[in-house]
Amino acid sequence: MTINTLVFGHRGSAGTHPENTMESFQAALDAGAEGIEFDVHLTKDLVPVILHDETVDRTTNGTGWIKDLTYLELQELDAGSWFAPSFKGASIPSLEEVLQWAAPTRLLLNIELKSGVVRYQGIEKIILDLLYKYNLKDRVILSSFNHYSVVEIHQLDPEIETAIIFMEGIYEPWDYAKRIGAHGLHCYIPVAVPELLMGARKAGMPVRPFTVNEESHITSLIKGEASAIITDWPEKAVQIRKALSN
Ligand code: G3P
Ligand code: MG
């Protein structure tokens, strides 16, 4: 069976490592994933940093909103111990740190702008400027639940690949995505039904469902020719894909 489905590690390798840390990204690379997905916010002093939630409470030993903390304050936090004591000392990466690390690798980067709950002013341009600095413009997909951010990215640089993220059953989302200048569909797994996969394929639009963790889902989406799957378990997904290709 010829397989073209790529594996993107969700928040790195969130099933095995503390999400959105350098340790997690390295694990996804080591597992053989073609890409990683991670979430970006802006600190009080406008540094783009990688964390899922708007606050640091769940995944660090600190408290508070990212928007109210400086980059230096965030750097002092432990982002590993909550997951397992052996990861004590893992830190919240800046986007720049991740780009520097990723530049010499082959990884594709799905950068999710978490600009829905807090409308971080200027986050789109700040991210683009860093991509230019590290010459990574051709290896990224910028995505967001906030489609205004997707439109803004497209207006700032129409060549940058973008994707809309959605949880619900948008009717013929490829038409809507094209209208706003997005290039791909990142949908919650229950929405990734065969009708959507086939319609998007006919429209020439990649579908990359999340978060694809169950073996049965990984298998059916690979067989359904999803462009990529975004998974917490990249090592497992790579192994399943390999078995299917034999
Ligand atoms: O980008 C896909 C997925 O990560 C979106 O949901 O909440 O895990 O960031 P979330
Ligand atoms: Mg995400």
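What follows is calculated from the coordinates using simple rules that are stated; it is not laboratory data. Given the structure is predicted, the values throughout are model-derived calculations rather than measurements. Cβ atoms come from the backbone with ideal geometry, glycine included; neighbour counts cover every protein chain shown.
Observations
- Selection of the range 56-73 for residues being under 21 Å from the mean Cα position of the chain (by Cα) and buried (at least 20 other Cβ atoms within 10 Å of the Cβ) yields VAL56, THR59, THR60, ILE66.
- Output for the range 195-229, where each listed residue is basic (Lys, Arg) and in contact with a His (Cβ under 7 Å, 6 or more places away or on another chain): ARG208
- Set ALA177, ALA163: member being closer than 24 Å to ARG106 by Cα and either within 16 Å of ligand 1 (Cβ to nearest atom) or under 20 Å from the mean Cα position of the chain (by Cα) (or both): ALA163
- Matching helices (runs of 4 or more DSSP H) fully within the range 20-122 where at least 3 residues are touching a residue at least 40 places away in the same chain (Cβ under 8 Å): 22-31, 95-102
- Which listed residue, of SER91, SER144, SER81, is of a type in the set (Ser, Thr, Tyr), surrounded by 13 or more Cβ atoms within 10 Å (Cβ to Cβ), within 16 Å of ligand 2 (Cβ to nearest atom) and at negative phi: SER144
- Extreme residue, surrounded by the most Cβ atoms within 10 Å (Cβ to Cβ), among residues of the range 42-55 that are under 14 Å from ARG11 (Cβ atoms) and more than 11 Å from ligand 1 (Cβ to nearest atom): ILE50
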